[in-house]
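The values are calculated or read from the model by the stated rules, or taken from the named source; none is laboratory data. Predicted, not measured: the structure shown is a model, and the values here were computed from it. Here the Cβ positions follow ideal geometry from the backbone for every residue, glycine too, while neighbour counts run over all protein chains shown. In case anyone asks, the SASA skips ligands and DNA or RNA and just uses the protein heavy atoms, side chains included. Shrake-Rupley method; radii C 1.70, N 1.55, O 1.52, S 1.80 Å.
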Amino acid sequence: MKSFNEFIADKEAELSEMFTNPTTIRWAKTNGSGQWKGDFFIGDKRYILNFVKMDAQMPWEIVFDLVQNGKKTQNITGTGDAVQVFSTVLSGIKQWMKAVNPPSFILSAREPSRQSLYRRMLQMLPKKIWSVEDLGTSFYAVNKTMKQPAQSNFSDSDFDDYADEY
């Protein structure tokens, strides 16, 4: 039987390995500094990654979609590519964070399995810099080293689902 320390070391290695195989993201030029947009392909599947800041008082919102039949979907599709998709999403988040240095951001998911993946991804943020609040279906991350906008106390109802056609 494994010791507790061995068990934890195995889980940390598993978590690190899960997010180490990203594909290349093609970043698109967007109007203004309130949006970042990129896309990536895994096999013949196209994914769109969006970082949107609707208002100076609100956090950035991170959304990614699969393009299926000419429309975007956030539904779990069961394509079997989840590890590479989330690895690429995490890589995109790191690239965006390095370039923008956001004071806060939010990720949302309806499905428990995706919520679990977001929890795992957010555990990889440096705890000295980031504080993450689990709101149930959303995760609100705050950069503790920066001054924050006056608005706070977010709830899931404060954020609309991304329902844009591509």
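Filtered by the rule that a residue be farther than 18 Å from Lys144 by Cβ, touching a strand residue (DSSP E or B) at 6+ places or on another chain (Cβ under 9 Å) and open to solvent by 70 Å² or more (accessible area, probe 1.4 Å), region 100-128 gives a lone residue, Arg119.
Applying the criterion of at least 3 residues that are at pLDDT 90 or above to the strands (runs of 3 or more DSSP E) found wholly in region 8-78 leaves 35-42, 45-52, 60-68.
Looking at Val100, Val67, Val83, just one residue is of a type in the set (Val, Ile, Thr) and under 14 Å from the mean Cα position of the chain (by Cα), and that residue is Val83.
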